[in-house]
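This report concerns only the one structure given below.
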Amino acid sequence: MQEKRCPLNRRLETVAALIPRGGVVADIGTDHAYLPVRLVQEGLCPLAYACDIGEGPLGKARETIARYGCAGKVFPVLGDGLAALEPRAVDTIVIAGMGGDTIAGILERAPWCREKTLVLQPMTAADRLRRYLRETGFCLLKERAVEDGGKPYGVMLAVYTGQRGEIGRAEALLGRLAEEPGRAAAAYRARQAARMAKKAEGLRLAGERQESEEWRKVAEQMERQAPTAEALRQALDELAPYSAAESWDNSGLLVGDPAGRVERVLLALDVSMPVIEEAKERGAQLILTHHPVIFRPLKRLLAGSLPWELARQGLAALCAHTNLDVAQGGVGDALAKALGLADIAPCIPGEGGMLGRIGRVDEGPVTAACFVREAKGKLGAAVCCCALLPRPVEKVAVVSGAGGDFVREAKEAGADLLLTGEAGHHDFWLARELGISLAALGHYETEAVVLPELQAWLGERFPQVEFMRAKRDRSPVELL
């Protein structure tokens, strides 16, 4: 009986993700043919070659090919490296799970590989492989980090350009993983830095003081390397994909140099002149906000405007708006968590995901007035506009910001109360008509709850960056 889907470990999953779609793939030193079988199963390549130097491993590959019904699409090939392949038959060469020196030797013996796309995953000596690629004219287009078996590895996507050059020690050790977001990349950098520090100490004890000092500087450089604004943007895309933002929204890097290094980030709900001043005073290079500093296309850029002032001060502005609203662990979840709701689940669909959350009142049914009074204190809200019904509240729906339009959707989701930031006159009347309580506790107050969550999430991924909460960030609404 054929099995349905060939499993891959995390390392091979990452390798598969970098392989260009639609071409013929040759997997050199194939691991039971798992990778080529999976690629064919999912229609990512029309056919593939599973290559190995030993008859024993190749026998395992044949078993996998038969088990998953891929005969005629995945072909086992016995041979040393690329020697047994017909160059014209292959588009992408994958060499994963070998040492960097071994991979370089395989490539060196097959000059025709320069016409192909390479996906390489060295288990050791990644620095020497990167150096070989640069010195022989290959360009690293991408690198991805992955942790597997408790160890971090790098996966490389390379093509031949003919542009040869030298490569520094730090670049050879980290490649494009120097700025890659995520825990796996951070673990890779830390591991490489620790190796270099150990090597520096060994050289010092051996009396090689000058070389020891050079390696120590490399280790410090790797530990302190600040990410770019683009790396932070990519990290946010990992947490809250920009593709999930509403069509009218404007999230992303809105002001600044994507290649600019970032050592300090100021987090706020909005970009304002006081926040810009604070960012400069505290040495930040980037302001990260929920609300976009540019909502609509600019017809002019004049002195005194916020975008102009950011550019004048050399500050970058990065925004995660409605994509962060719908994200798992984003604004909706942060609001529901701050209110102490239990059994939290998404509700109220938007263009790119669920805009709201619904949860159970943890202490059991309470009156709407009691729940809203406690919520007001938990959020630090100064004002609460509400239409509360004299009936128990068991389920509460929350929509951060301007969510008064979703009264009907909250009722259909089974909520007894909709808590949001803003609601209009007719929203309150509709709530009474439908038999659901409605409370509006402030746009700022229902969204600022995400900032501590965002600060902690980014701090874990970029330990070398200081993420600071803005002290001058506040609601623009004043009470008389």
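The values are calculated or read from the model by the stated rules, or taken from the named source; none is laboratory data. Keep in mind the model is a prediction, meaning the values are calculated, not measured. With ideal geometry, Cβ positions are generated from the backbone for all residues, glycine too; neighbour counts draw on all protein chains shown. For accessibility, only protein heavy atoms count, side chains too; no ligands or nucleic acids. Shrake-Rupley method; radii C 1.70, N 1.55, O 1.52, S 1.80 Å.
For the chain, the share of DSSP beta bridges that are antiparallel, to the nearest 5, is 45%. Distance between the pseudo-spin-label points of Lys151 and Glu171 (7 Å out from Cα toward the beta carbon): 2.7 nm. Computed over the Cα atoms of region 289-435, the ratio of the radius of gyration to the Kirkwood radius (Rg/Rh) comes to 1.06. Estimate the FRET efficiency between Glu108 and Glu412 by the formula 1/(1 + (r/R0)^6), using the beta-carbon distance for r and 45 Å for R0, to the nearest 0.05. With R0 = 45 Å, the Cβ-Cβ based efficiency is 0.10.
One entry in (i) 27.5, 84; (ii) 23.7, 76; (iii) 21.3, 69 is Rg and Dmax of the Cα atoms in Å calculated from the shown coordinates; its label is (i).
Relative to the current alpha-carbon distance between Ala89 and Thr136, full extension at 0.36 nm per residue lengthens the span by 14.6 nm. Accessible area per residue for the chain is 47 Å², calculated with a 1.4 Å probe on protein heavy atoms, without ligands, DNA or RNA.
When the accessible area of the chain is computed with all protein chains present and a 1.4 Å probe, what percentage of it is carbon and sulfur? Please list the in-between numbers first.
On the way: 11260 of 22510 Å².
Carbon-and-sulfur percentage of accessible area, whole number: 50.
Take the residue pairs Lys116/Lys142; Lys4/Lys116; Lys73/Lys116; Lys378/Lys411; Lys151/Lys199 and return only those whose Cα atoms are more than 27 Å apart. Going by Cα-Cα distance, Lys4/Lys116 fall outside the 27 Å limit. Considering helices alone, the calculated mean residue ellipticity of the chain at 222 nm is -11000 deg cm²/dmol, with DSSP H runs of length four and up weighted by -39500 (n - 2.57) and normalised per residue.
When the alpha-carbon atoms of region 351-405 are used, the pair Rg, Dmax equals 12.2, 35 angstrom.
With contacts taken as Cα pairs under 8 Å and at least 6 residues apart, the chain reaches a relative contact order of 10 percent.
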